[in-house]
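Take a look at the structure set out below.
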């Protein structure tokens, strides 16, 4: 899975560049996030604006990314599409994550990581 990363203030913004986050790409998504967050420190915002479909494996991959970062480095979500937001509501994961309506402004990606 291809993800784009950029800095926004002190936060690292990671944006999956595929419309589906499902069982077929969950492992490569986790690998891409792991590669993107190797440097410790900044909070991470997952920009979900390109993701139209999220299944239980995709949700599990997002939770695994949160656990990878640990409590001292929060993972926040932004720009959930309606279908993805519904999955977070139905599973009550919207109470676990901080969710922003909009993603930080797009700038020039600092890198693209394939998982």
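A short reminder: the numbers here are calculations on the coordinates, not readings from a lab. Small disclaimer: the values here were computed from a predicted structure and weren't measured. Backbone-built Cβ (ideal geometry, glycine too); neighbour counts: all protein chains shown.
The table below lists the values:
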{"read-out": "Kirkwood hydrodynamic radius of the chain, from inverse mean 1/r over distinct Cα pairs, in Å", "value": "13.7"}
{"read-out": "Residue among 93, 17, 66 with the largest mean-square fluctuation in a Gaussian network model of the chain, springs linking Cα atoms under 10 Å", "value": "93"}
{"read-out": "Extension gain, residue 94 back to residue 42 (0.36 nm per residue minus Cα-Cα distance, nm)", "value": "16.5 nm"}
{"read-out": "Burial ordering of 95, 4, 49, fewest other beta-carbon atoms within 10 Å first", "value": "95, 49, 4"}
